[in-house]
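The structure appears right after this line, and notes come after that.
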Amino acid sequence: MNRSKRSDLFLSTSLPVPPGTVAVATRWWHPLRGPMDCPAHPLLTAHARQAGFTVDVRPWEESAVNGDDRGPGGTTVVAVSYERPEGGHRGIALAAHSEDSAAMAFAHRQIESWQAVLRTRRVLYVSEETTLPGAPPEGPSRTGHALAPHAQGPWAPTTWAPGGLHTSAPQLPIPETSHHTTPSPSHPRSSAVPPQGTGARGAAWLPCGCPGASACPSAAAAERSLHRSLARGDEVVIVGAPMAGTGGGWLRRRPAGAVKRAASEAEAKKIAVLDPERLSFVVTPGAAVSEATAVLRVLRRRFPRLRGQHPWEWCYTTDDLDAAVGSVLGQSDALLVTGNGDSPLVRTALARAARSGLRVRKVTSLDLLRPQDVDGATITVLHTPAPDRSEGSPDDGPGHREEGAGWDVSRVLDGLGPTGHVCRTVRSAPLPSELKGPPLVSNA
């Protein structure tokens, strides 16, 4: 791409710009390259407004940049452009009054800093919705589409928290910048990237990690299994730990019996029971199944008569999210977290990024996006909208409503070099069984 990049400085009297104003092109005509598309114009607009300039954002006429007009009140255009692999050109262009030293210095700094990171890049996405069984293979192609349920029958979470059994995970802060602390994506012919996160705006997260608009019955099934085992006189081990951001609202009813926890393999090796012949388990809602089964292997070796919850009652959403997040972050140079929402997806990504040392940046508005944030061959973008907020305009500038941030960042990246958008989907789906119905318990 570097061979096709071109920097230009034009003088024009056909594009009047008053002092104190910065003009941003949404489209313009290059004297040599022809029509120029500018998907990154919201980025320049946000930074110009943040710097205190009046901003004139619009398409420029073909005659606006002709390269040879001069005059006492002339305008200077600073631009950089590149050739698209599929044909045509894209770029960014700013214009200011030639005698406005502050505006001219700003225009030169912006173009120089962003042209340094113009490159071919890949943008990776993960969404909670793409891990739901029954979700469309291409991911959420429309904002607010209906979520497919895991199984028939809704489950409304309530909370019982008798000290020690409440499984809500602690809040993890999203750092402004971290080096040590983690839609379908843009279609090749479209730059729109719907928000990732809750299926319905303002929806809660179920204890298993599914969006609240889904109808996953796994938490209710785990609770039924727990109380059923206690009613038989068994001790019950709650296996695994909920992933960050999940596990709230479980249990709803106080257990009437001996309940223990084995959140890790180390705990499973030390756990003491009254009667090894009368021991059952349930998997914690919100636990990654891959981690829970590692704990179960230890328990099964120690207690061969262990019995408990059937595997078809387990929810694989957090396991799928963890696998998808791990796979994209392992290939990424940076993680951009947009929006002010919260979700198991974002928390999982932040925790993984902290362990690996991946560069993290929170971008709630475009004026916070810096050249070093996108300086990489592969970028992961995660977006979770805050509840009960409406979509913002791409050109609203600093502080505009944050649901637009995820969409804008993806579109901006389309204007900072040839970009490939990829949505990573990992989905575990139950297979039909010849059995007529689920057994009450399974022997381990």
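What the table below lists for this structure:
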item	result
Single residue of THR21, THR75 found to be in contact with a Ser or Thr (Cβ under 7 Å, 6 or more places away or on another chain), crowded, with 16+ Cβ neighbours inside 10 Å and modelled with pLDDT under 95	THR75
The listed residue being within 20 Å of GLY245 (Cα to Cα) and either modelled with pLDDT of 95 or more or not hydrophobic (A, V, I, L, M, F, W, C) (or both), out of GLY330, GLY339	GLY339
Subset tally (residues that are touching a helix residue (DSSP H, G or I) at 6+ places or on another chain (Cβ under 8 Å) and at pLDDT 90 or above) for segment 401-423	9
Pairs, first within 14 Å of TYR82 (Cβ to Cβ) in segment 25-54, second among the acidic types (Asp, Glu), C-beta under 7 Å, six or more apart	PRO39/ASP414
Qualifying residue in segment 79-89 (condition: buried (at least 16 other Cβ atoms within 10 Å of the Cβ), hydrophobic (A, V, I, L, M, F, W, C) and modelled with pLDDT of 95 or more)	yes
Residue selected from segment 100-114 under the condition surrounded by 20 or more Cβ atoms within 10 Å (Cβ to Cβ) and of a type outside the set (A, V, I, L, M), by the criterion farthest from the chain's Cα centre (by Cα)	ASP100
Residues located in segment 261-275, provided they are surrounded by 16 or more Cβ atoms within 10 Å (Cβ to Cβ) and hydrophobic (A, V, I, L, M, F, W, C)	ALA262, ALA263, ALA268, ILE271, VAL273
Residue within segment 218-231 that is surrounded by fewer than 21 Cβ atoms within 10 Å (Cβ to Cβ) and not in a helix (DSSP H, G or I) present	no
Condition broken by ALA324, with the remaining ones in (1) crowded, with 23+ Cβ neighbours inside 10 Å; (2) out of contact with any Lys or Arg (no Cβ under 8 Å at 6 or more places or on another chain) satisfied	(2)
Residue check, PRO285 touching a Phe, Trp or Tyr at 6+ places or on another chain (Cβ under 7 Å), surrounded by 24 or more Cβ atoms within 10 Å (Cβ to Cβ) and part of a loop (DSSP other than H, G, I, E, B)	yes
Some residue of segment 64-71 being outside any loop (DSSP other than H, G, I, E, B) and either at pLDDT 95 or above or over 20 Å from LEU368 (Cβ atoms) (or both)	yes
SER264 vs. criteria under 30 Å from TYR125 (Cα atoms) and modelled with pLDDT of 95 or more	yes
Filtered residue count, segment 47-61, keeping only those that are more than 19 Å from ARG90 (Cα to Cα) and not in a strand (DSSP E or B)	7
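Condition check ((1) over 20 Å from THR317 (Cα atoms); (2) at pLDDT below 90) across all residues:
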position: THR348; (1), (2): no, yes
position: ARG352; (1), (2): no, no
position: ARG370; (1), (2): yes, no
position: ASP373; (1), (2): yes, no
position: GLY376; (1), (2): yes, no
position: ARG389; (1), (2): yes, yes
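Let's see how each residue does on (1) aromatic (Phe, Trp, Tyr); (2) more than 35 Å from the chain's Cα centre (by Cα); (3) over 17 Å from GLU235 (Cα atoms); (4) not assigned by TED's automatic domain parsing to the domain that holds ARG232:
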| site | (1), (2), (3), (4) |
| --- | --- |
| GLU277 | no, yes, no, no |
| SER280 | no, yes, no, no |
| ALA287 | no, no, yes, no |
| ASP322 | no, no, yes, yes |
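The values are calculated or read from the model by the stated rules, or taken from the named source; none is laboratory data. All of these numbers come straight from a predicted model, not from anything done at the bench. Ideal geometry is used to build each Cβ from the backbone, glycine not excepted, and the neighbour counts take in all protein chains shown.
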